[in-house]
1. Specify which of the listed residues (Gly262, Gly243) is at negative phi, out of contact with any Gly (no Cβ under 8 Å at 6 or more places or on another chain), modelled with pLDDT of 95 or more and small (Gly, Ala, Ser).
2. Please determine whether any residue of the stretch 302-322 is among the hydroxyl-bearing types (Ser, Thr, Tyr), surrounded by 22 or more Cβ atoms within 10 Å (Cβ to Cβ) and modelled with pLDDT under 95.
3. Among the residues of the stretch 59-73, which ones are closer than 23 Å to Thr98 by Cβ and either in contact with a helix residue (DSSP H, G or I) (Cβ under 8 Å, 6 or more places away or on another chain) or not in a loop (DSSP other than H, G, I, E, B) (or both)?
4. Are any residues in the stretch 85-100 open to solvent by 40 Å² or more (accessible area, probe 1.4 Å) and farther than 17 Å from Gly125 by Cα, and if so, which ones?
5. Going through the stretch 162-184 one residue at a time, which ones are buried (at least 17 other Cβ atoms within 10 Å of the Cβ) and of a type outside the set (A, V, I, L, M, F, W, C)?
6. Out of the residues in the stretch 237-267 that are over 14 Å from the mean Cα position of the chain (by Cα) and closer than 30 Å to Ala57 by Cβ, state the one that is surrounded by the fewest Cβ atoms within 10 Å (Cβ to Cβ).
7. Considering only residues that are out of contact with any strand residue (DSSP E or B) (no Cβ under 6 Å at 6 or more places or on another chain) and part of a helix (DSSP H, G or I), which ones fall in the stretch 160-182?
Amino acid sequence: MERRSFFKAAGALAMASAVALSAGSAGAQDKKFTIALIPGLTTDAFYITMRKGAEAAAKAVGAELVFQGASDFNPVTQVPVLDAVIAKKPDAILIAPTDKTQLVQPLKKAADAGIPVITVDTFIGTGQYQTGAGDADFPISYVASDNVLGGAIAARALAAAIGDKGKVYVSNVKPGISTTDQREEGFKAEMAKHPDITVLETQFNDNDANKAASQLQAVYARNPDLSGVFGANLFSALGAANGVQQAGQMGKVRVVAFDAPGSIVDNINGGLVDMAIAQHPAEIGYFGVMAAYAHLTGNSVPTAIGTGFTVIDKSNLSDPNVAKFIYSE
């Protein structure tokens with residue numbers, strides 16, 4: 001999919017304007033809106049932090065936030081949760097779809113029932129909404145990090161760490177997850193600009209850190225000159241990092257992690273992970289609720305709202321302006 005030129009701060013500024021309009025009309029309407037947030041899974045620090053941002057926004061506009069999800073990132077478990085939420089008829093649904101294809105029809109049920117849908121973190125279809133084309137363009141907005149850009153940032157950081165030469169690969173979950181697909185896409189596109197770096201075949205680990213560790217050791221056995229690995233999500237990164245440790249290559253094979261829960265501090269300080277690309281999930285939750293509220297109060301919202309990234313490593317880990325982006329546990 002094409003990267004959106006409007007997936008920048010301009011999206012947040014437009015959102016702020018919409019929210020200002022909404023806030024102005026808040027006193028004129030007496031209804032207390034109920035906004036449901038369905039995360040990719042309930043136990044992950046990323047989504048816990050997203051919930052806190054969403055709760056802050058709900059409190060600011062006087063809405064009720066309902067947080068309900070499954071304990072694993074899987075459409076098989078997420079769809080029943082979605083169905084249960086739809087049955088309660090909230091005023092709007094924010095959801096991190098666990099599959100960009102399998103969640104289309106289940107979410108269409110919400111839209112057909114008159115419940116506005118906003119996707120957060122992940123998307124359905126192409127993520128390009130309100131176009132009038134395709135069967136997955138019905139959500140009002142997509143609020144997320146620009147994951148293509150995030151993958152590119154990871155590639156630049158890894159390239160610098162390995163002296164802009166060597167062999168690297170991506171440790172990924174599985175094809176079909178919008179966010180991790182895009183991170184890999186961005187990583188590879190950026191690495192194509194570094195002619196002395198060879199990108200090896202992607203290893204898919206099914207979100208199993210032990211499998212990611214075994215894959216690292218197998219890749220290293222075939223390529224003893226391996227220089228680095230990019231974990232497209234946290235389990236991929238930590239699994240690969242454990243594989244690096246088991247192979248006795250800590251400090252030689254560099255590891256870049258995507259996402260930054262509290263445990264990343266010890267991982268970076270201990271040398272297991274070299275750097276982490278932190279998203280800003282609290283902002284995603286906050287802007288998701290604000291977008292829903294703006295829509296419900298008759299204001300237009302951008303079809304895509306982008307949030308930022310922070311690169312965390314040993315050199316800046318103690319900086320409070322950086323540490324604040326480590327996710328809540």
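1. Selected residue: Gly243, the only one of Gly262, Gly243 that is at negative phi, out of contact with any Gly (no Cβ under 8 Å at 6 or more places or on another chain), modelled with pLDDT of 95 or more and small (Gly, Ala, Ser).
2. yes
3. Leu65, Val66, Phe67, Gln68, Gly69, Ala70, Ser71
4. Ala87, Lys88, Lys89
5. Step one: list which residues in the stretch 162-184 are buried (at least 17 other Cβ atoms within 10 Å of the Cβ), which gives 162, 166-173, 177-184.
Those that are buried (at least 17 other Cβ atoms within 10 Å of the Cβ) and of a type outside the set (A, V, I, L, M, F, W, C): Gly166, Lys167, Tyr169, Ser171, Asn172, Ser178, Thr179, Thr180, Asp181, Gln182, Arg183, Glu184.
6. Filtering the stretch 237-267 for residues that are over 14 Å from the mean Cα position of the chain (by Cα) and closer than 30 Å to Ala57 by Cβ, the one surrounded by the fewest Cβ atoms within 10 Å (Cβ to Cβ) comes out as Gly262.
7. Matches in the stretch 160-182: Ala160, Ser178, Thr179, Asp181, Gln182.
The values are calculated or read from the model by the stated rules, or taken from the named source; none is laboratory data. Fair warning: this is a prediction, and the values are worked out from it, not measured in the lab. We place every Cβ from the backbone using ideal geometry, glycine too, and count neighbours over all the protein chains shown. Heads up: the accessible areas ignore ligands, DNA and RNA and are worked out on the full protein's heavy atoms, side chains in. Shrake-Rupley method; radii C 1.70, N 1.55, O 1.52, S 1.80 Å.
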